[in-house]
Amino acid sequence: MAGNSQRRNRRTSNKKGATVGSGGKRRRGLEGKGPTPPASERKGHKKNRLASAQAKRTAARRPAPRRGGPKGTNELVVGRNSVVEALREGVPANTLYVQQFLDNDERVREALQLATEKGLNLMEAPRPELDRMTNGLNHQGLVLSVPPYDYAHPEDLTAAAYDDGEDPLIVALDGITDPRNLGAVVRSVSAFGGHGVVVPERRAAGMTASAWKTSAGTAARTPVARATNMTRMLEAYQKEGLMVVGLAADGDVELHELEALEGPVVIVVGSEGKGLSRLVGETCDFRVRIPMPGGAESLNAGVAAGVVLYEAARRRA
């Protein structure tokens, strides 16, 4: 019995610290917690939410800057005048095919000179081969191969703007099928400090050689993104804090009254004939009209986008 009592006492005596009381928790609670962290690190603060959102966007981005949709096939620019114009405007071609035993003229010589200066591949081919490549089109002995455009992802446009410390200014095209209109919009976005253009993946104009030429070289520095679903893409932009502004002839707000242009915004331009599609129109935060004292019913998509982009640039200056 005595031995058991001694073992119990030894076990009790080996316990560390007090058996009753706060255990020092109250004292630790009164100790300082160090300097107040910056707003971007305080959970629940607006700057913390913005920083977290940007970090998620950065982590989700793929390494290549321009990506978005599936790759297409090479586009062929056919004919002497078209080839020379494409080379002059900086269309990103990779190969110039020249017919064997071709009679030289001024256009052929200029095409060869420009292709050589740009470091393009020069390939000589017999006429039957060029006929096969172009499905019998009148190629006049010159065929320019343009690789498929490498589209950006819509999130890249906002991420690039935030990385530069700027509010995103983006144009989305709804139902625009003429690549020249797309090229004109790209040119306006570049001129007025926008961050890019978004087009639908299907039933819409893409970055063809014609769009490149109309953009007058600005497509080289203004990204074009492609969206699988335009409505869902606009809703994703809204969740990021962007206001969605749709241009409509029957809009409720006139352009000069729209204060949303001063902040993060995506401007949606519909086709000249049909305007905005129903779902896209319902998604917009504002439907804006451009006053036209001259009485015109509508503006070309490229012109309309240029007018709104100018107003946005003026307000942000």
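The values are calculated or read from the model by the stated rules, or taken from the named source; none is laboratory data. Remember, it's a predicted structure, so these values are computed and weren't measured experimentally. All Cβ positions, even for glycine, are placed from backbone atoms using ideal geometry, and neighbour counts span all protein chains on display. Heads up: the accessible areas ignore ligands, DNA and RNA and are worked out on the full protein's heavy atoms, side chains in. Shrake-Rupley method; radii C 1.70, N 1.55, O 1.52, S 1.80 Å.
Looking at segment 240-252 only, could you name the residues that are open to solvent by 20 Å² or more (accessible area, probe 1.4 Å) and in contact with a helix residue (DSSP H, G or I) (Cβ under 9 Å, 6 or more places away or on another chain)?
GLU240, GLY241, MET243, LEU247
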Given (1) out of contact with any Ser or Thr (no Cβ under 8 Å at 6 or more places or on another chain); (2) under 24 Å from LYS213 (Cα atoms); (3) open to solvent by less than 80 Å² (accessible area, probe 1.4 Å); (4) outside any strand (DSSP E or B), index of the condition TYR162 fails: (2)
Residue in segment 261-281 that is part of a loop (DSSP other than H, G, I, E, B), more than 20 Å from ASN229 (Cβ to Cβ), touching a residue at least 24 places away in the same chain (Cβ under 8 Å) and polar (S, T, N, Q) present: no
Segment 201-211: number of residues that are open to solvent by less than 20 Å² (accessible area, probe 1.4 Å) and either within 14 Å of ASP174 (Cβ to Cβ) or in contact with a Gly (Cβ under 7 Å, 6 or more places away or on another chain) (or both): 2
Flag for GLU257 being in contact with a helix residue (DSSP H, G or I) (Cβ under 9 Å, 6 or more places away or on another chain) and open to solvent by 30 Å² or more (accessible area, probe 1.4 Å): no
GLY183 vs. criteria closer than 23 Å to VAL146 by Cβ, open to solvent by less than 10 Å² (accessible area, probe 1.4 Å) and among the small types (Gly, Ala, Ser): yes
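Out of the residues in segment 282-317 meeting the condition of being of a type in the set (D, E, K, R) and part of a loop (DSSP other than H, G, I, E, B), tell me which one is nearest to ARG187 (Cα to Cα).
At the first step, the residues of segment 282-317 found to be of a type in the set (D, E, K, R) are 282, 285, 287, 289, 297, 311, 314-316.
From what's left, part of a loop (DSSP other than H, G, I, E, B): 285, 297.
Details: ASP285: 26, GLU297: 24 Å.
Within segment 282-317, the match that is nearest to ARG187 (Cα to Cα) is GLU297.
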Residue count for segment 104-124, restricted to those that are in contact (Cβ under 8 Å) with a residue 12 or more places away in the chain and either crowded, with 16+ Cβ neighbours inside 10 Å or not in a strand (DSSP E or B) (or both): 10
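For residues that are open to solvent by 30 Å² or more (accessible area, probe 1.4 Å) and not small (Gly, Ala, Ser), scanning just segment 87-98, find the one that is farthest from the chain's Cα centre (by Cα). Spell out how you get there, then give the answer.
Restricting attention to segment 87-98, the residues satisfying the condition of being open to solvent by 30 Å² or more (accessible area, probe 1.4 Å) are 88-90, 92, 94, 97.
Subset that is not small (Gly, Ala, Ser): 88-89, 92, 94, 97.
Working: ARG88: 26, GLU89: 22, PRO92: 19, ASN94: 24, TYR97: 33 Å.
Going through the qualifying residues, I end up with TYR97.
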Residue in segment 240-249 that is under 18 Å from GLU155 (Cα atoms) and in a helix (DSSP H, G or I) present: no
Hits in segment 217-243 - residues which are touching an Asp or Glu at 6+ places or on another chain (Cβ under 7 Å) and either touching a residue at least 60 places away in the same chain (Cβ under 8 Å) or farther than 15 Å from PHE286 by Cα (or both): GLY217, PRO223, ALA225, ARG226, ALA227, THR228, MET230
Yes/no for ALA227 being within 19 Å of the chain's Cα centre (by Cα), among the hydrophobic types (A, V, I, L, M, F, W, C), closer than 25 Å to TYR151 by Cα and surrounded by 19 or more Cβ atoms within 10 Å (Cβ to Cβ): yes
Residue within segment 224-236 that is in a helix (DSSP H, G or I), in contact with a Cys (Cβ under 9 Å, 6 or more places away or on another chain) and under 19 Å from LEU279 (Cα atoms) present: yes
